[in-house]
Amino acid sequence: GILGMGWAEISVNGITPVFFSMMQQKLVDAGQFSFYLSAQAWPHKKTSELALGGVDPNHYTGSFSYVPISKDGYWQIHTDSLAIGNETVHSHFDSVVDSGTSLLAFPLATAVRINSKLGCIDAGIECIFETCPDFAKLPNMTVTLAGIPYVLTGEDYILQVQEPGAPTQCVSGIMGFPGQLPENLGAILGDVFMRKYYTTFDAANNRVGFALANHN
């Protein structure tokens, strides 16, 4: 099933979302929930984790930087800029941080512009590599939030798909969304971003916080 963690503004039939109900009933220590997304496949012992009521210090390093919510509903935040290598692709737009989106989702034209620099073969909403690239030769992607640059390397945004008995296939973690994204958003920062940056959704203070994830 799907457990919605968004705001009441997008709740079906006006039902109080589960985490906000937990806050009202004082079932959590703090009005925030946090995601650690493991970089290693199950059954590795360090699996992904959802922390309700706080953060787990075992899963991040350094301190959090916060971005205020720009609109209640989705976890929507203002984004200063998006760059691939030294080229700014888009500036001053809103993004949604979403654990339910596996990749980084952009309007189709933006995704094509980025993927064209990576050497993959465009297959519509996906871009697939004939052979896995040398990650060190791929450009960094930088998402700047509240003045702070969050960098994704090629190793971060290229997915390595392994099927039994078949060679590893590499797929770009940048997907194109046909038509406009919901609410005319510029991006959905999904699991590709959240795997690199431990993310806390601070409902009590209307903000989202990011810290470098600890995968050791």
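The values are calculated or read from the model by the stated rules, or taken from the named source; none is laboratory data. Given the structure is predicted, the values throughout are model-derived calculations rather than measurements. So basically every Cβ, Gly included, is an ideal-geometry build from the backbone, and we count neighbours across all protein chains shown. When the accessible area is computed, the model is the full protein with side chains, heavy atoms only, and any ligands, DNA or RNA have been set aside. Shrake-Rupley method; radii C 1.70, N 1.55, O 1.52, S 1.80 Å.
Listing for the model above:
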| item | result |
| --- | --- |
| The chain - accessible surface per residue (Å², probe 1.4 Å) | 51 |
| Under Karplus coefficients 6.51, -1.76 and 1.60, residue-wise ³J(HN,Hα) of region 179-185 in Hz, glycine/proline x | x, 7, 5, x, 6, 6, 5 |
| Listed values (1) 26, 21, 18; (2) 29, 20, 17; (3) 27, 26, 23, entry calculated as semi-axes √(5λ) of the Cα gyration tensor in Å | (2) |
| The chain - percent of accessible surface contributed by carbon and sulfur, probe 1.4 Å | 52 |
| Inter-probe distance in nm under a simple model that places probes 7 Å from Cα toward Cβ, at GLN180 and THR88 | 2.4 |
| Relative contact order, percent, region 3-87 [alpha-carbon distance under 8 Å, six or more residues apart] | 26 |
| ASP94 long-range amide H proximity, modeled H, under 5 Å | THR79, GLY186 |
